[in-house]
Amino acid sequence: MKTLLYIASSASAGGGGEVYLLSVFRHLDRSRFKPIVLLPAEGSLRAPLEALDVEVVVIESKYGWIKPTRAWYSFLAAYPGRVDQILALIQTRDIDLVHTNSSTRLEGALAARLVGVPNIHVAHTRFQPEQPLLQRFPLTREGYAQLLGDLSAHIVAVSRTVANELVPPLREQHVSVIHNGLDWREFDLAMTGANRLRDELGLAADSLLITAVGRIDAEKGFDTFIAAAGEIAACLPNTHYLLVGGGDDPVYERRLMEIASSPVLSGRVHFLGYREDVPRILAASDVFVLSSHFEGGPYVLVEAFAARCPAVATRCGGFVEEIVLPGQTGELVNVGDVAAMAAAIFAVASNPERKAMGEAGRRLVQESFDAKTTVGELMAVYQRVLDMPRLAAGSPAVSLFLHGIKELADLGAQVVDQEERLSRLEGETQFMRMRWIRHIWQGLRAWISHR
């Protein structure tokens, strides 16, 4: 039996990458592969993992807001230590293969390279230079692809669009396209509880539900979704809009609530937060909306079709344009186009063939997104990589990179300290200068008053 270490991108259970991992573990052949999952923190993902008899290890790693200078250097200072911790985990647990499930958490891949263990990288999204980490480590698309290729024995892309951003510069043999798979039984069961959702929300039984699902983040484009709802509110008076998902961007969430508070939408936009019954919510919905700015393989879109819910989606990449077929399974609009999204939502919601569109979507994704099949393809990649000659341990390039990071973190922190001290000194100097000027002025006024 081979032991596999999975590097999760988040400790929360609601993201597409994490749902993907749970699907993998439901179908992984445990007679051949033993999984261990590394989480970046304690979170809601631990419970479902342990329910699937998957061992969980936590090594703290904050990949959030790293733009402020001090936060950036603190992040860098801890980076080599995290690599060392993962390296020790690989050695003590006799890990045979590392599965990196994140576009930014590369410590596992670096540790694997240092001990000569193969790493498989699963690419869920297209190249995103606007990510805070890639703004700090500026790379071109080609450079980023080459970096992943150098650190990985093989790359799995969740869509052809993602693969096309890696090839070239990588060779086609180095990249496989394997879609995220679904467990259809879960969605069949969800249909039985779908009718109760309207009662739970206090809505009329004949209300139309337009639903968006995802992490509350600006890249998901929920402001476009809610603004579009406002455009057609008068035309669809019996319609309610559901936003399902949690997040850690309170500023953006407040902005969404402000848009939703407009008079035409009052009481009709429902922020449901993180939910574990997304299949049931989708099964109860009449239209699903994907408003993202960019996606690699939007898992939730496949979930919507599995729940027989037609979709309105932006042309945001991934396999979106492969499965959202205008007039057949939904409608497509350009990213950020409020008017077009409003028109598309109205067109699908008012279409008498709406249910037939949902059924067509279900048939389409059943052909390519079955979890048992896709996990079988993934296990074949595992085996192919494990059968390759093992790499020699050690990498001067990785060691120099980590040493350079540590040096940069130390020097950067010293610079920040000196800048803060200088700023305080300038403030104190200014204060003392003003006190001196005020003292002279007061003395001058007293002298004038006594003349």
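Every read-out reported here was derived from the displayed coordinates using simple, explicitly stated rules and does not represent laboratory data. What you are looking at is a predicted structure, and each value in this text was computed from that prediction instead of being measured. Quick reminder, even Gly has a Cβ in these numbers, built from the backbone with ideal geometry, and neighbours come from all protein chains shown.
Quote the relative contact order of the range 184-369 in percent (integer), defining contacts as alpha-carbon pairs under 8 Å separated by 6+ residues.
23 percent.
Return a whole-number percent for the relative contact order of the range 138-233, with Cα pairs under 8 Å and 6 or more residues apart as the contact set. Can you show the working numbers first?
Details: 55 pairs, mean separation 17.7, N = 96.
In percent, rounded to a whole number, it is 18.
At a threshold of 8 angstrom on Cα-Cα distance, excluding pairs fewer than six apart, so keeping six or more, what relative contact order does the chain reach in percent? The partial results should precede the final answer.
Numbers: 798 pairs, mean separation 74.4, N = 451.
Relative contact order of the chain: 17 percent.
The chain: percent of C-alpha pairs farther apart than 31 Å? If you can, show how the numbers build up before the last one.
Details: 48888 of 101475 pairs.
Counting every Cα pair in the chain, those more than 31 Å apart make up 48 percent.
Charges at C-beta only: +1 for Lys and Arg, -1 for Asp and Glu. How large is the resulting dipole of the chain about its Cα centre, in Debye rounded to 20? Working shown, then result.
On the way: 45 positive and 52 negative charges, 237 e Å.
Dipole about the Cα centre, nearest 20: 1140 debye.
For a quick check: with amide H placed at 1.01 Å from N, whose amide H comes under 5 Å from His270's, ignoring anything fewer than 5 positions away on the same chain?
For His270, the qualifying residues are Tyr241, Leu242, Leu243.
Can you bin the range 21-129 into rounded, prolate or oblate? Criterion: square roots of the alpha carbon gyration tensor eigenvalues sorted a ≥ b ≥ c, rounded for a/c under 1.5, prolate for a/b above b/c, oblate for the rest.
Since a/c reaches 1.5 and a/b is larger than b/c, the shape of the range 21-129 is classed as prolate.
Give the Cα extents of the range 184-369 along the principal axes, in whole Å, largest first.
The principal-axis extents, from largest down, are 42, 35, 32 Å.
Rounded to a whole number of µm²/s, how large is the Stokes-Einstein D of the range 290-349 at 37 °C and 0.692 mPa s, given Rh as the Kirkwood radius over C-alpha pairs?
Values: Rh = 11.3 Å.
Stokes-Einstein gives a translational diffusion coefficient of 292 µm²/s.
What are the residues whose amide H is under 5 Å from the amide H of Thr100, where those residues sit 5 or more places off or on another chain and H is modelled from the backbone?
Residues meeting the amide H criterion: Ile7, Ile120, His121, Val122.
Please list, ordered by chain and number, the residues whose modelled amide H lies under 5 Å from the amide H of Leu39; skip anything fewer than 5 residues away on the same chain.
The list, which skips near neighbours in sequence, is Val57, Val58, Ile59.
Pairs on different chains or at least eight residues apart, Cα atoms closer than 30 Å: how many lysine pairs in the chain fit?
12
What ranking, highest mean first, results for peptides 413-421, 372-380, 91-99, 118-126 when packing means the other Cβ atoms within 10 Å averaged over each residue?
On the way: 413-421: 12.2, 372-380: 16.3, 91-99: 18.0, 118-126: 24.8.
Top to bottom by mean Cβ count within 10 Å: 118-126, 91-99, 372-380, 413-421.
Would you mind getting me the FRET efficiency between Arg424 and Arg198? Use the beta-carbon distance for r and R0 = 51 Å, nearest 0.05.
Details: r = 59 Å, r/R0 = 1.16.
For Arg424 and Arg198, the calculated efficiency is 0.30.
Between Arg384 and Val251, what is the spin-label point distance in nm, taking each point 7 Å from the Cα along the Cα→C-beta axis?
Result: 4.4 nm between the two label points.
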